[in-house]
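Since the structure comes first, as structure tokens, the remarks are kept for the end.
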Amino acid sequence: RSSDLEPSDNPDLTPAQLASFYRELHGNYDQLFLGTPSESIAFIYKSLGCLHSLQPLPHSTAFTDPTVPALKTEGWIMWQTIQLLLGPEEHSGFLMEAVQKWDVKDPTTGEAYPKILPRRCFPMEPDKHMVAWYEGVSERLRREAEEEERQREIEAHQADVRRILDRKRDPDEDGSIDSRGPARAYFS
């Protein structure tokens, strides 16, 4: 339960709760969940197909946009599935320890699941198809980021050229570069 990790009236798992979850299980995912901007975590979730919501920051006002990405139950399942298929040795250990540490209950019957989850219940090695898919997503995102950066550089260069051309077309009476441009922009 998310409330075991960090008190909340929302069932969705926030980055702080996920960091706490991994810490409780002797893993350290603080860099990912606490050291990564919220919009980047939301982008990761979206790229991996992990259903999530956006929650308000703690102590925010009614007028503040929600920005904290929080995994919904389906998103948590997808996140864990991907992690288990990419790194079964590490992530199976987290889940085996979690069922020993906490009472995990069947949502239908309310009965607690057994406290023992054998290693053989998980893949023994990374799934080749999942690794290929993950690497493909990573490569696509890298290319998109590079293209966006190139586009920003082109736009910045074009803006610089426009500023230079505007200055040449609008000299002061004494022939110097027009210093009134910013003032005109303010008043227009």
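Under conditions of 4 °C and 1.567 mPa s, segment 1-141 yields 79 µm² s⁻¹ as its translational diffusion coefficient, taking Rh as the Kirkwood radius over Cα pairs in the Stokes-Einstein equation.
Residues whose amide H falls under 5 Å from that of V68, counting only those 5 or more places apart or on a different chain, are Q55, L57, with hydrogens built in the peptide plane.
Under a 5 Å amide H cut-off, with hydrogens placed 1.01 Å from N, D12 pairs with nothing among residues at least 5 apart or on other chains. The separation of segment 35-60 from segment 143-157, counted between C-alpha centres, amounts to 24 Å.
For segment 19-113, report the accessible area per residue in Å² (1.4 Å probe, heavy atoms, rounded to an integer).
59 Å²
Judged by the mean number of other Cβ atoms found within 10 Å, the most tightly packed of the peptides 123-131, 14-22, 145-153 leads the ranking 14-22, 123-131, 145-153. For the residue pairs K101/K128; K105/K128; K72/K115, the C-alpha atoms sit more than 29 angstrom apart in K101/K128; K105/K128.
The values are calculated or read from the model by the stated rules, or taken from the named source; none is laboratory data. Please read all numbers here as calculations on a predicted model, not as lab measurements. Every residue, glycine as well, gets a Cβ built from its backbone with ideal geometry; the counts of neighbours run over all protein chains shown. Just so you know, the surface numbers come from the protein's heavy atoms only, side chains and all, with ligands and any DNA or RNA stripped out. Shrake-Rupley method; radii C 1.70, N 1.55, O 1.52, S 1.80 Å.
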